[in-house]
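Take a look at the structure below.
The values are calculated or read from the model by the stated rules, or taken from the named source; none is laboratory data. Note that the structure is a prediction, hence the values are computed from the model and not measured. As a convention, Cβ positions derive from the backbone with ideal geometry for all residues, glycine included, and neighbour counts pool all protein chains shown. Areas reflect the complete protein model, heavy atoms only, side chains present, ligands, DNA and RNA absent. Shrake-Rupley method; radii C 1.70, N 1.55, O 1.52, S 1.80 Å.
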Amino acid sequence: MTVNNDNVDKDKLLELFLRIGLDERTARNTVANNKVTANLSAVIHEAGVLDGCHRAVGNLLYSVATKYPANALIHRPILLDYITSNKVKTPAQLEAAFSFFSAAGSEIKLNEFESACGVGVEVSVEEIEKTVNEVFEERKNEILEQRYRTNVGDLFGHVRKKHPWADPKIVKQFIDSKLFELLGERTVADNEKIAKKKKEKPAKVDDKLAATVAPKQPPTEEDLNPYLIFPQPEDNYKVHTEVFFSNGTILRCCNTRELLEKHLKATGGRVLTRFPPEPNGYLHIGHAKAMFVDFGLAKERGGGCYLRYDDTNPEAEKKEYIDHIEEIVKWMGWEPFKITYASDYFQELYELAVELIRRGHAYVDHQTPDEIKEYREKKMNSPWRDRPIAESLKLFDEMKKGLIEEGKATLRMKQDMQSDNFNMYDLIAYRIKFTPHPHAGDKWCIYPSYDYAHCTVDSLENITHSLCTLEFETRRASYYWLLHALDLYQPYVWEYSRLNVSNNVLSKRKLNRLVTEKWVDGWDDPRLLTLAGLRRKGVTSTAINAFVRGMGITRSDCSLIRFDRLEYHIREELNRTAARAMVVLQPLKVVITNFENGSILDLDAKKWPEAQEDEASAFYKVPFSNIVYIEQSDFRLKDSKDYYGLAPGKSVLLRYAYPIKCTDVILADDKETVLEIRAEYDASKKSKPKGVLHWVAQPSPGVNPLNVEVRLFDKLFLSENPAELDDWLADLNPHSKVVIPSAYAVPELRNAVDGDTFQFERLGYFTVDIDSTPEKLVFNRTVTLRDSYKSSK
């Protein structure tokens, strides 16, 4: 029974809940929660206690309404009968019943149920007292030591092991009595709070490193295999969803044995999932989670995952998006079982729509979109809702033949306009669009809606697990209503939390606006969290999948994941795979006065930190001459104790080369701008300066180092959650992209190609961009070496 809050007085509901013995606070909280109200009202009606019942029975009914396993709703009437007849009368029995029904199939044996729940088992007062005495005797020394700080729950547990069906109130009375008998009155010391031991302060960790250190916890079974939460295909006969109708009826969604056997015969018992993107934009990191769930479950169970394009709207689809989706799915490491289109099933969908009309579950409607909206808000039926079936069949045929103007008719499902769920308000199944379809051509001028096509194609493709994000949860009722109305196989539906990452937007509408209004440089702009953008930025699919796996497959819908958590996985991956190189972003010229002009030394530099001396391939040659370049930020005119860069009279080590000491500074006319530094190098390497700098030298006399362009990307938005802002575009970070047109790089990078990734020492990880030319390389910064967000909190 669905409770309509507009038409039913909440006071009557409160009165009903009080009649079954709920305390007033619980009753009022229940009335304030529509879902619990609907469940409890249905339970009270099923139990036949509208006139009230004993409080103990009412409390058990409340537990049924809030805790009963959703996959066993078909058996709930049996349990309610046992509760109202006082055969199941304790919380322990009720919990046992929940466990029994949750694991049971469609048929149960009452004798097994009664045995599992202790029905008819009576534990005498004498038996309880004897067991309590035995427990106290076994634990006497411990109780005397801890006195009234003894964990009573532990004592309870020991009694329950021997007598699981004992009355808990009687057990508690004997435990309390025995404690008093053994310990006497409470003393002042018994009531004193024990001072908590001070925790040892953890070792101080550099703030900049803190975000990159992942706390290590022992992995749970679900951490190791997040797909354990999903049932096997052969178990899909259990009820796990109820649809409440405003007339008091309840649809308990499950497959018949015949439907399930037909499905299992068609699939061979394999798991079949689907990844169903709409081809109206580029995929983003949220789709990476969907792929991990859909493709991952199928792979883990030895099944297959369809890549199905949801192309029901001919005006939104583009071949560019279709080609991108297929390519990016494979880049993410997933292989589709089959590639299909919703439009492949247009004929079957049309025939099912005709059948839906024949069964009295659909009608042709002539309301305008505004009228439909108004009637839904008022929960009013369309004036065309009850037209004759033959008339709707004739009109639907005319819609198909193009005899009715666009916007003058729709086919609507006859669901429940008085439901509490707005997704049951006679949803549109078909609309007229005189638009050729990119995949189906010009054969059709009527097109199915998502709400009609999604579930029916799931069934036609024999999908075992239909998995989607939580915003689709309210559509579950409509999903199952339609399949039930057509007597079609019903997949197992499960929703998980969508992925939201800070300082960016994932809404397709917002992403489309950023691209079309040129706030960014296309769908693959490295600042976007599109998968194409992340790839162009240098992020690997391995790092994305590790990040997604770390989120888990949960229904917790309350988290905004900080971007630096993704960066942690990127660094972990690139630290293992990216070769090291040296690049100077803002070059400052250093002339080494005691090194022979025109002389060049080829020094060995490591590609990998752990490179061994005998591994020739782990090193690259870097030229050293009398003119080198360091970062402008690595020089100061005034030194300080906490500064490890170069300053007048101070020495630093040039990485892989020699110590140098600043002997002179050439300033511009303003006496502040540093034009050039003069220095001497220590050929003997006897000096041991603390500071180590990266550098690049002239490869030959009078020839500048390799000139490259470097693009530094930062978070796209200033706010962590820009989607919440009314003027979200005003929150764009003006410094999200900084272009350095003339950085200097070591010659080793000259032959780098698109997609090659490097760690520029002391700067971060960078990848070669597609804009690179034979004349000039372009590098995108993938991620910094340290967390750049920590200091901005």
Self-check item: Intensity falloff of the stretch 1-144 expressed as log10 I(q)/I(0), Debye formula with alpha-carbon point scatterers, at q = 0.16 Å⁻¹
Solution: -0.87
Exercise. Between Arg358 and Ile339, with labels modelled 7 Å along Cα→Cβ, what's the label distance in nm to one decimal, could you check?
Key: 3.6 nm
Quiz item: Given the rule -39500 (n - 2.57) for each run of at least 4 DSSP H residues, summed and divided by the residues of the chain, what is its mean residue ellipticity at 222 nm, to the nearest 500 deg cm²/dmol?
Solution: -10000 deg cm²/dmol
Exercise. Can you check what the net charge comes to around Ala440, using other residues whose Cβ is under 11 Å from the Cβ of Ala440 (Lys, Arg +1; Asp, Glu -1)?
Key: -3
Quiz prompt | Degrees between helix 55-67 axis and first principal axis of the chain (Cα, 0 to 90, nearest 10) | solution = 40 degrees
Self-check item: Ordering of 605-612, 173-180 by burial proxy (mean other Cβ atoms within 10 Å per residue, highest first)
Solution: 173-180, 605-612
Practice problem: Please work out how much length the chain gains when fully extended from Thr187 to Arg678, using 0.36 nm per residue of separation minus the C-alpha to C-alpha distance, in nm with one decimal. | Solution: 168.6 nm
Quiz item: What trypsin sites (Lys or Arg not before Pro) does the stretch 526-574 have in DSSP loop regions with at most 13 other beta carbons within 10 Å?
Solution: Arg555
Quiz item: Counting DSSP beta bridges in the chain, what percent are antiparallel, to the nearest 5?
Solution: 65 percent
Quiz item: Ranked highest first by average number of other Cβ atoms within 10 Å, how do 292-302, 736-746, 378-388 line up?
Solution: 292-302, 736-746, 378-388
Quiz prompt | Within-11-Å neighbourhood charge of Ala605 [Cβ basis; K, R +1; D, E -1] | solution = +1
Quiz item: Taking K and R as +1 and D and E as -1, what net charge do the other residues with C-beta under 12 Å from the C-beta of Arg527 add up to?
Solution: +2
Quiz item: Looking at the stretch 419-472, which chymotrypsin sites (Phe, Trp or Tyr not before Pro) are DSSP coil and have at most 13 other C-beta atoms within 10 Å of their C-beta?
Solution: Phe434
Practice problem: Output the peptides 257-264, 766-773, 684-691 sorted from most to least packed, where packing is the average of other Cβ atoms within 10 Å over each peptide's residues. | Solution: 766-773, 257-264, 684-691
Quiz item: Where the accessible area of the stretch 3-115 is counted over protein heavy atoms with a 1.4 Å probe, how much of it, in %, is carbon and sulfur?
Solution: 47 percent
Practice problem: Mind listing the long-range amide H neighbours of Thr554? Cut-off is under 5 Å, sequence gap 5 or more, other chains count too, H placed in the peptide plane at 1.01 Å from N. | Solution: Ser497
Quiz item: Taking the alpha-carbon centroid of each part, what is the distance from the stretch 648-725 to the stretch 364-440 in angstrom?
Solution: 69 Å
Exercise. Leaving out ligands and nucleic acids, note down the accessible area per residue over the chain with a 1.4 angstrom probe, in whole Å².
Key: 50 Å²
Quiz item: For the Cα atoms of the chain, what angle does the longest principal axis make with the long axis of helix 285-300, in degrees from 0 to 90, nearest 10?
Solution: 60 degrees
Self-check item: Length released on extending from Arg576 to Asn594, taking residue separation times 0.36 nm less the Cα-Cα span
Solution: 2.6 nm
Quiz prompt | Two-site FRET efficiency, Glu112 against Arg376, from Cβ-Cβ distance with R₀ of 41 Å, rounded to 0.05 | solution = 0.30
Exercise. Measure off, as a whole percent, the carbon and sulfur share of the 1.4 Å-probe accessible area of the stretch 344-448, all protein chains present.
Key: 51 percent
Exercise. Report, in degrees rounded to the nearest 10, the 0 to 90 angle that the Cα long axis of helix 450-460 makes with the longest principal axis of the chain.
Key: 80 degrees
